[in-house]
Amino acid sequence: KNQVEQSPQSLIILEGKNCTLQCNYTVSPFSNLRWYKQDTGRGPVSLTIMTFSENTKSNGRYTATLDADTKQSSLHITASQLSDSASYICVVSAETGANNLFFGTGTRLTVIP
Amino acid sequence: KAGVTQTPRYLIKTRGQQVTLSCSPISGHRSVSWYQQTPGQGLQFLFEYFSETQRNKGNFPGRFSGRQFSNSRSEMNVSTLELGDSALYLCASSPGIPKNEQYFGPGTRLTVT
């Protein structure tokens with residue numbers, strides 16, 4: 001069964017600290033994995049997209065890693081800012097199938113001063 | 001290129017009423033998907049349209065319906081509103097299928113009283 005699981009469900013960190021969010025998936029055949037940031041009451045915005053051959057991709061203070069062998073991805077946020085407070089959603093695409101997107105339930109990150 | 005637009009952004013309805021939400025995809029995109037997001041829940045897939053045809057439907061009651069026009073704009077309709085229909089409704093567009101990338105709109109916040 002194709003599934004995407006994210007952990008932790010929620011996280012509170014101090015401003016300036018680093019954190020890592022996890023995404024495990026069982027989607028097959030794998031096409032790509034995307035991390036989205038969703039501010040409260042807004043639509044998700046793509047942060048990174050990674051294909052099978054990529055194991056690291058950065059977007060400013062956001063760095064995503066992918067281990068296709070263990071089917072795990074992480075999103076590392078460096079030097080967190082208050083504006084990083086949001087939900088982070090992992091979405092995995094399968095290569096085939098009309099309904100080929102599988103969503104995690106997200107990690108709610110709160111950055112406090 | 002303009003992003004995905006959704007109207008209205010906010011809506012308040014009473015139980016039993018019906019509502020129509022609108023989505024304009026990115027120019028050139030032919031696939032439009034709709035999602036419901038409630039507090040604490042992940043994105044729940046409602047349905048997907050491609051070239052005016054519904055290709056996939058999620059596990060929602062028949063009160064939820066949609067359509068897509070020849071210019072790829074899409075509408076979703078919810079009849080006989082219930083309190084539990086209060087949610088953020090997100091529209092996402094893709095160039096085609098399978099959906100290897102999706103671009104989300106800002107969402108419509110529906111409150112049912």
(request) Can you tell me the relative contact order of segment A:30-101? Whole percent, Cα pairs under 8 Å, sequence separation 6 or more. (result) 36
(message) Would segment B:1-58 count as rounded, prolate or oblate if I go by the C-alpha gyration tensor, calling it rounded below 1.5 in a/c and otherwise prolate when a/b exceeds b/c, oblate otherwise?
(response) prolate
(request) Sort A:V91, B:V112, A:V45, B:V32 so the one with the fewest other Cβ atoms within 10 Å of its own Cβ comes first. (result) A:V45, B:V112, A:V91, B:V32
(request) Place a +1 charge on the Cβ of each Lys and Arg in the protein assembly as shown and a -1 charge on the Cβ of each Asp and Glu, then give the dipole magnitude about the Cα centre in debye, rounded to the nearest 20. (result) 480
(request) Classify chain B as rounded, prolate or oblate from the Cα gyration tensor: take a ≥ b ≥ c as the square roots of its eigenvalues, call it rounded if a/c is under 1.5, otherwise prolate when a/b beats b/c and oblate if not. (result) prolate
(request) For chain B, calculate the relative contact order in percent as a whole number, restricting contacts to Cα pairs under 8 Å that are 6 or more residues apart. (result) 36
(request) List B:E101, B:E48 from most exposed to least, where exposure is judged by having the fewest other Cβ atoms within 10 Å. (result) B:E101, B:E48
(request) Starting from the Cα gyration tensor of chain A, take the square roots of the eigenvalues, sort them a ≥ b ≥ c, and report rounded, prolate or oblate (rounded when a/c is under 1.5, otherwise prolate if a/b is larger than b/c, else oblate). (result) prolate
(message) Using Cβ counts within 10 Å as a stand-in for footprinting exposure, how do B:H29, A:H76 rank, fewest first?
(response) A:H76, B:H29
(message) Once each part is reduced to its C-alpha centroid, what is the distance from segment A:21-53 to segment B:21-95 in angstrom?
(response) 20
(request) Return the loop-located chymotrypsin sites (Phe, Trp or Tyr not before Pro) in segment B:5-92 (DSSP other than H, G, I, E, B) with at most 14 other Cβ atoms within 10 Å of their own Cβ; answer none if there are none. (result) B:F69
(request) Have a look at A:I49, A:L14, A:L66 and report the one farthest towards the positive end of the charge dipole of chain A, computed about the Cα centre with Cβ charges (Lys/Arg +1, Asp/Glu -1). (result) A:L14
(request) Loop only per DSSP, at most 14 neighbouring Cβ atoms within 10 Å: give me the trypsin sites (Lys or Arg not before Pro) in segment A:54-102, ordered by residue number. (result) A:R61
(request) Place +1 on the Cβ of every Lys and Arg and -1 on the Cβ of every Asp and Glu in segment A:6-106, take the dipole about the Cα centre, and give the residue among A:L75, A:A86, A:C23 whose Cα lies farthest towards its positive end. (result) A:A86
(request) Identify, among B:G42, B:I12, B:T80, the residue whose Cα sits farthest towards the positive end of the charge dipole of chain B, taking +1 on the Cβ of Lys and Arg and -1 on the Cβ of Asp and Glu, with the dipole about the Cα centre. (result) B:I12
(request) Could you pull out every Cys in the protein assembly as shown that lacks a partner Cys with its beta carbon under 4.7 Å away? (result) A:C19
(message) Let's see if you can work this out: charge +1 on each Lys and Arg Cβ, -1 on each Asp and Glu Cβ, no other charges. What is the dipole magnitude of chain A about its Cα centre, in debye to the nearest 20?
(response) 180
(message) Filter A:K1/B:K13; A:K37/A:K71; A:K37/A:K57 down to the pairs with a C-alpha to C-alpha distance above 27 Å, please.
(response) A:K1/B:K13
(request) With only Lys, Arg, Asp and Glu charged, each at its Cβ (+1 for the first two, -1 for the last two), find how big the charge dipole of chain B is about the Cα centre; round to the nearest 20 debye. (result) 100
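No lab work stands behind these numbers, since they all come straight from the coordinates. Owing to the predicted nature of the structure, the values given are computational and were not obtained by experimental measurement. In this analysis, Cβ positions are derived from the backbone assuming ideal geometry, glycine residues included, and neighbour counts consider all displayed protein chains.
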